[in-house]
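Inspection log for the structure reproduced underneath, given as C-alpha cells.
The values are calculated or read from the model by the stated rules, or taken from the named source; none is laboratory data. Only a predicted model underlies this, so the values are computations on that prediction, with no experimental measurement involved. Virtual Cβ from ideal backbone geometry, glycine too; neighbours counted across all protein chains shown.
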Amino acid sequence: MPEQLNQRIEHCYQQAEAFFKRSFSRPVVSFKLRGQKAGVAHLTENLLRFNPQLYQANHADFLKQTVAHEVAHLVAHQLFGPRIQAHGEEWQLIMRGVYELPPHRCHSYAVERRSTTRYVYSCACPDRDFPFSAQRHTLVRKGRRYYCRSCKATLKYSGEQRKE
Ligand SMILES: [Zn+2]
Ligand SMILES: [Zn+2]
C-alpha cells in the first residue's frame, strides 16, 4: 500500500470531520482490486478497495478524484444510512461541499482490452459490478438467480457488455 494513498485517505476523512463536526470510523483498505474499477467502497464492511494498476497509471487524478469518490461513499453511509442512492444528492453534497470536486460517477481511465465478452451485472452496492460469462448470462436468461453477498440484492443485467 503506497504511503501517499494512505495519507490521501486520512486527509479525506479529516476534511469530512472538519466539515460535519463529528468523527468517522476509518475503513479497512485493500490494494488488490483488479479489472476495470479504480476503486470500490463496501458500505456495511467499511472497506475500501483500490486498483494498483490504475493507481500506477493515473497517479495524480487517482489520488485526487478516486480516493475522494470512494471515501465519500463511506462517509455518506455513516451519515445517512443504507437507504440513500449510491450517487445521489447526499454523496454529491460531500463531493462538492467537502472535497470541492465534480461528482463524477465513473472514472475514465484507459483500461487494457482483452478478448472475452463479459455481461455486466450489478446489485445495490455503489461502484460494484459483476462481469458474467456468456454461459452464466444464459443461465440467468433461463431463470437462474444470483445474489450479492454484501447487500443480498438479486444481480441484474445492466445492459452493458465489456471486453475483458
Ligand atoms: Zn461511486
Ligand atoms: Zn451488493
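Please work out which residue is surrounded by the fewest Cβ atoms within 10 Å (Cβ to Cβ), limiting yourself to the range 128-164 and to residues that are in a loop (DSSP other than H, G, I, E, B), of a type in the set (D, E, K, R) and more than 10 Å from ligand 2 (Cβ to nearest atom). The residue in question is K142. Entry remark, the range 13-60: residues being of a type in the set (D, E) and free of Cβ contacts under 8 Å to residues at least 24 places away in the same chain number 1 in total. Scanning the range 65-86 for residues that are away from ligand 1 (no atom under 15 Å from the Cβ) and at pLDDT 95 or above yields Q78, L79.
Just the residues that are outside any loop (DSSP other than H, G, I, E, B) and farther than 22 Å from L63 by Cβ, please, taken from the range 79-106. Result: L79, F80, E89, E90.
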